Protein chains: 2
Amino acid sequence: MEAQILGAAKKIFIAKGMAGARMQDIADEAGINKALLHYYFNNKEKLFQVIFLEAANKLFPRVNEIFSADLPLFDKIRLFCEEYLTIISENPYLPMFVLNELHRNPSNFLVKIWKDKSRPNPSAFLAQMETEVRKGTIRNIGPLQLLINLLSLTIFPFVAKPMIQQTLGLDEWQFRATMEQRKKEIPEFIINAIRK
Amino acid sequence: MEAQILGAAKKIFIAKGMAGARMQDIADEAGINKALLHYYFNNKEKLFQVIFLEAANKLFPRVNEIFSADLPLFDKIRLFCEEYLTIISENPYLPMFVLNELHRNPSNFLVKIWKDKSRPNPSAFLAQMETEVRKGTIRNIGPLQLLINLLSLTIFPFVAKPMIQQTLGLDEWQFRATMEQRKKEIPEFIINAIRK
DNA sequence: ACTTTTGTTAACCATTTGGTTAATAACATG
DNA sequence: CATGTTATTAACCAAATGGTTAACAAAAGT
């Protein structure tokens with residue numbers, strides 16, 4: 001039952017956001033009485049936090065692993081794109097959900113709830129880039145800028161999915177195919193951009 | 001008065017989204033009675049649409065102009081980054097607002113409201129890229145992918161602003177400086193990536 | 001001056017919404 | 001089987017919320 005509720009809550013929260021989601025919607029989606037929701041999860045806030053943390057736990061831990069792995073920079077970039085695009089492709093709406101709620105939360109109290117493992121932590125990656133720049137193996141680009149570029153190229157298409165599909169007239173399958181292609185395109189793009 | 005209301009509505013809608021915004025909040029922000037809101041704008045939906053269109057009109061028309069301008073590809077990319085980052089920097093929360101509401105709207109009825117001038121229209125840009133690839137002046141990259149890359153690199157940092165600031169520990173000024181830097185960094189990055 | 005139109009408000013209303021209660025059903029356990 | 005515990009529900013409640021009304025003030029027309 002608890003799992004059933006969480007599934008329903010995930011669907012509704014992700015579709016409508018914290019403010020737009022109705023407890024009744026979640027109950028309906030789970031096929032249960034609204035009171036039963038409060039039996040398992042005391043209130044909307046609590047339920048939402050569970051879903052948010054679940055989302056964060058799907059998105060970030062693997063990223064952090066890759067960022068701090070012991071790999072050459074280029075391989076790391078390739079691995080990141082390959083794996084991260086896979087993760088997001090399986091949960092295309094998670095990035096928007098997380099970013100949006102982060103955006104809406106005053107003084108981001110969500111961050112306080114956040115566990116370390118699932119909090120994004122790019123410090124190792126930044127250090128590695130700096131080393132490569134100093135060694136002269138890549139162009140002189142700010143590590144911060146490069147990190148932002150990497151994240152932008154992988155995440156943004158999913159955040160903008162509705163707009164991209166709308167303005168470019170892509171159906172679901174064309175969109176997926178395009179994202180699949182990006183697993184190879186993005187690393188190539190980035191590496192071409194920074195290789196000396 | 002009408003302008004005062006619109007200002008308040010813009011602030012509240014952008015901060016909390018359609019679902020999270022309260023008519024009372026908007027009235028308070030505008031320093032007026034709630035009934036006066038309904039005097040000027042019949043209902044929440046109507047008021048929201050005005051704000052949404054205003055936002056879209058700030059974000060897209062100039063982009064379309066640049067996309068369809070008569071300029072060499074590289075210049076176009078430089079111009080786009082320069083101007084678009086300026087526009088967004090002045091309205092850092094607009095992209096999130098538009099993308100979010102687009103995301104939440106079932107069967108995107110918003111798109112129907114949307115005027116042509118302010119609807120994103122990259123077809124000329126896509127064609128130009130295709131030409132350049134065929135002429136062999138740039139690497140063989142899919143025009144669609146390149147367009148997505150360009151948009152990702154410019155827009156995403158603002159959508160992810162809270163997360164970026166949080167995880168990288170940037171204050172407001174550091175963030176702005178980083179974005180300012182990107183006006184030069186992004187075109188350089190892209191051109192390096194595609195130049196043969 | 002006075003009448004009409006426009007702007008503004010306090011009070012009110014119906015519905016929605018998150019949450020509770022009390023009663024009941026299902027289940028475990030001695 | 002009796003008893004206590006857990007799961008589930010219908011009915012209910014108070015607060016919040018979008019929206020309306022009716023009265024009043026200010027401006028504009030005449």
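Nothing in this text is a laboratory measurement; each read-out follows from the coordinates by a stated rule. Since we're looking at a predicted model, the values are computed, not measured. In this analysis, Cβ positions are derived from the backbone assuming ideal geometry, glycine residues included, and neighbour counts consider all displayed protein chains.
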Discussion item. Looking at the stretch A:88-98 only, could you name the residues that are under 8 Å from the mean Cα position of the chain (by Cα) and within 22 Å of B:Leu94 (Cβ to Cβ)?
Written reply: A:Pro95, A:Met96, A:Val98
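From the list B:Leu53, B:Leu59, pick out the single residue that is of a type in the set (A, V, I, L, M) and either over 29 Å from B:Pro157 (Cβ atoms) or touching a Pro at 6+ places or on another chain (Cβ under 8 Å) (or both). Walk me through how you get there before you give the answer.
Numbers: B:Leu53 fails: either over 29 Å from B:Pro157 (Cβ atoms) or touching a Pro at 6+ places or on another chain (Cβ under 8 Å) (or both).
None of the others qualify; the one that does is B:Leu59.
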Worksheet item: Can you name the residue in the stretch B:66-122 that is within 14 Å of B:Ala55 (Cα to Cα) and of a type in the set (Lys, Arg) and is also surrounded by the most Cβ atoms within 10 Å (Cβ to Cβ) among such residues?
Response: B:Arg119
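Considering every residue within the stretch A:58-65, establish whether at least one is exposed (fewer than 15 other Cβ atoms within 10 Å of the Cβ), more than 14 Å from chain B (Cβ to nearest Cβ) and assigned to a loop (DSSP other than H, G, I, E, B). If you could, list the steps in order and put the result at the bottom.
Here is the first cut: in the stretch A:58-65, the ones exposed (fewer than 15 other Cβ atoms within 10 Å of the Cβ) are A:65.
Now drop any that are not more than 14 Å from chain B (Cβ to nearest Cβ), which leaves A:65.
So of that shortlist, the ones also assigned to a loop (DSSP other than H, G, I, E, B) come out as none.
No, the conditions are met nowhere in the stretch A:58-65.
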Response to the item:
Result of the Cβ filter at 7 Å on the stretch B:164-180, keeping first residues that are in contact (Cβ under 8 Å) with a residue 40 or more places away in the chain and partners that are not small (Gly, Ala, Ser), at least 6 apart or interchain, is B:Met179/B:Leu85; B:Met179/B:Pro157
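Of all residues in the stretch A:18-44, count the ones that are part of a helix (DSSP H, G or I) and within 14 Å of DNA strand D (Cβ to nearest atom). Spell out how you get there, then give the answer.
Of all residues in the stretch A:18-44, those part of a helix (DSSP H, G or I) come to A:18-20, A:23-30, A:34-40, A:44.
Keeping just the survivors that are within 14 Å of DNA strand D (Cβ to nearest atom) gives A:18-20, A:23-24, A:26-30, A:34-40, A:44.
Qualifying residue count for the region: 18.
Suppose the filter is more than 16 Å from DNA strand C (Cβ to nearest atom) and of a type in the set (Asp, Glu); does A:Glu45 pass it? Before you say what the answer is, go through the steps one by one.
Details: more than 16 Å from DNA strand C (Cβ to nearest atom): no; of a type in the set (Asp, Glu): yes.
It is false that A:Glu45 is more than 16 Å from DNA strand C (Cβ to nearest atom) and of a type in the set (Asp, Glu).
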Item to complete: Could you grab me the full set of residues in the stretch B:159-185 that are at the interface with chain A (Cβ under 8 Å from one of its Cβ atoms) and assigned to a helix (DSSP H, G or I)?
Response: B:Val159, B:Lys161, B:Pro162, B:Met163, B:Ile164, B:Gln166, B:Thr167, B:Leu168, B:Thr178, B:Gln181, B:Arg182, B:Glu185
Practice prompt. Counting only residues that are at negative phi and touching a residue at least 12 places away in the same chain (Cβ under 8 Å), give me the helices (runs of 4 or more DSSP H) lying completely in the stretch A:76-158 with at least 3 of them.
Written response: A:94-104, A:123-135
Worksheet, complete the sentence: Within the stretch A:6-41, the count of residues that are away from DNA strand C (no atom under 13 Å from the Cβ), closer than 25 Å to A:Leu102 by Cα and surrounded by fewer than 17 Cβ atoms within 10 Å (Cβ to Cβ) comes to 2
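So, B:Asn57, is that one over 21 Å from A:Asn100 (Cβ atoms) and under 17 Å from the mean Cα position of the chain (by Cα) or not? Steps first, please.
On the way: over 21 Å from A:Asn100 (Cβ atoms): yes; under 17 Å from the mean Cα position of the chain (by Cα): yes.
The answer is yes for B:Asn57.
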